[in-house]
Amino acid sequence: MTRTLSVFGATGSVGQSTLDLVRRNRDDWDIVALTANSDAAGLAALAKEFRPRVAVIGDPLHAGDLRKALAGEGILVAAGEDALIDAARMGADVTMAAIVGCAGLAPTMAAVEAGKTVALANKESLVAAGALMMAAAKASAATILPVDSEHNAIFQCLSGQIDRVAKITLTASGGPFRTWSAEHMRVVTPAQAVAHPNWSMGAKISVDSATLMNKGLELIEAYHLFPVGLDRLDVIVHPQSTVHSMVEYVDGSTLAQLGPPDMRVPIASALAWPDRMATPCAPLDLAKLGKLEFEAPDYERFPALRLAREAIAEGGGRPAQLNAVNEIAVAAFLAGTIGFLDIADCAQRAMDSTAPIAPQSLHDVFTLDRQSRVQAADMVEMLAKARV
Ligand code: NDP
């Protein structure tokens, strides 16, 4: 049976992997909306191939290029943040939420409010507005299917027995600097930080993986998706990225989901759920792999993980603040303005200096997000000056 699908962040890493699976199962999907932010040429090429009803470019500066590229194609072209929200409200059977950062919050929330299935890759929206988004999903009866490989693994291992869970353990590859000293990490370059040992991903999440902030954001994401309480959420470093996460039950059974480090596996799981679909991913060859290693995370060298735990424990506006400051700091690091260790330093300073109010509405989340970005920009400027 053909189902309708919208892909938000279609030009990105998760978006492209999603469309690769659609390409291989073309008759199963009718595309409603494809979106990007500034890559008009990339979006136009995808739109010509997948024939969505609407192609939306987030940054209106690039609307002209998209209109020109899609002239005469019979595809509606729209631009701007409101157009992204309108596209999400079109309510496809499945919406892939794969915009990066808090920019994905409003469209993801609109898709959740439409009451269909949301395949959630955009973890930052859940981090910034987790309680509001889970409440909206309950109210609209939307199904949120986690796409992040760890949360998808947990989802697969849960089988409706959440009240019998003793512990949920998220695995972390440890990133490219797993064995590096803090002194060594002080001088790493953006190119080194985005070179993830196992996964091929967008720049922001690659840097987050290197600081372990990604695992911290994932802890917050897991806290909302799987309400077992913070004391039952754990992280273990597993450099092979083969075990994607584990659920331990009260009877001593631990269920784990294993797979190759290829995002098309969890994406396929979400697209086909509750069924399964074939993927072109190479199957696991455990004999070739030989061994699977596990080690405790180092909260000293990777303070981002500790900050995320503290943000969950404190609740309220802390996670949204942490997320916003991290986004600004990562962008500054990628631009060469601040150093790698300054990213977590910015987050620590922000958390030490202000106590954000608990957001009661999406409007509050956006206000807090804006304020935290201004605060982070000031810190970036100060840290940048200290470097020269
Ligand atoms: P990419 O940077 O590769 O792609 C981001 C996408 O979002 C692009 O389509 C980009 O458009 C669009 N975008 C960026 N900014 C905006 C904006 N302001 N408004 C509208 N659209 C915007 O990211 P990834 O695919 O790596 O990650 C996407 C999300 O999935 C993130 O939240 C990440 O944490 C999560 N995730 C990613 C994984 C991965 O393997 N990559 C794994 C698990 C989770 P344009 O191309 O025009 O800039």
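The values are calculated or read from the model by the stated rules, or taken from the named source; none is laboratory data. Source: prediction; values computed, not measured. Neighbour counts run over all protein chains shown; Cβ positions are idealised from the backbone, glycine included. To get the accessible areas, we keep the full protein, side chains included, count just its heavy atoms, and leave off ligands, DNA and RNA. Shrake-Rupley method; radii C 1.70, N 1.55, O 1.52, S 1.80 Å.
List of remarks:
- Scanning region 171-226 for residues that are more than 24 Å from Ile267 (Cα to Cα) and open to solvent by 50 Å² or more (accessible area, probe 1.4 Å) returns Arg178, Thr179, Trp180, Ser181, Glu183, His184, Arg186, Val187, Thr189, Ala191, Gln192.
- All positions within region 21-45 that are charged (D, E, K, R) and either away from the ligand (no atom under 15 Å from the Cβ) or open to solvent by less than 30 Å² (accessible area, probe 1.4 Å) (or both): Arg23, Arg24, Arg26, Asp27, Asp28, Asp30
- Scanning region 89-107 for residues that are surrounded by 24 or more Cβ atoms within 10 Å (Cβ to Cβ) and within 15 Å of Leu5 (Cβ to Cβ) yields Ala92, Thr95, Met96, Ala97, Ala98, Pro107.
Results for (1) within 12 Å of Leu170 (Cβ to Cβ); (2) under 19 Å from the mean Cα position of the chain (by Cα); (3) aromatic (Phe, Trp, Tyr), shown as yes or no for each residue.
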| site | (1), (2), (3) |
| --- | --- |
| His244 | yes, yes, no |
| Leu258 | no, no, no |
| Ser269 | no, yes, no |
| Pro297 | yes, no, no |
| Pro303 | no, no, no |
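- Positions within region 140-158 being more than 9 Å from the ligand (Cβ to nearest atom), under 22 Å from Ala320 (Cα atoms) and open to solvent by 10 Å² or more (accessible area, probe 1.4 Å), in sequence order: Ile144
- Meets criteria (in contact with a Phe, Trp or Tyr (Cβ under 7 Å, 6 or more places away or on another chain) and surrounded by fewer than 18 Cβ atoms within 10 Å (Cβ to Cβ)) for Arg3: yes
- For the residues Ser269, Ser206, Ser241, the requirement of being part of a loop (DSSP other than H, G, I, E, B) and among the polar types (S, T, N, Q) singles out Ser241.
- The set of residues in region 16-60 that are acidic (Asp, Glu) and outside any strand (DSSP E or B) comprises Asp20, Asp27, Asp28, Asp39, Glu49, Asp59.
- Of the numbered criteria (1) of a type outside the set (Phe, Trp, Tyr); (2) under 24 Å from Ala129 (Cα atoms); (3) assigned to a helix (DSSP H, G or I); (4) open to solvent by less than 50 Å² (accessible area, probe 1.4 Å), the one Ala331 fails is (4).
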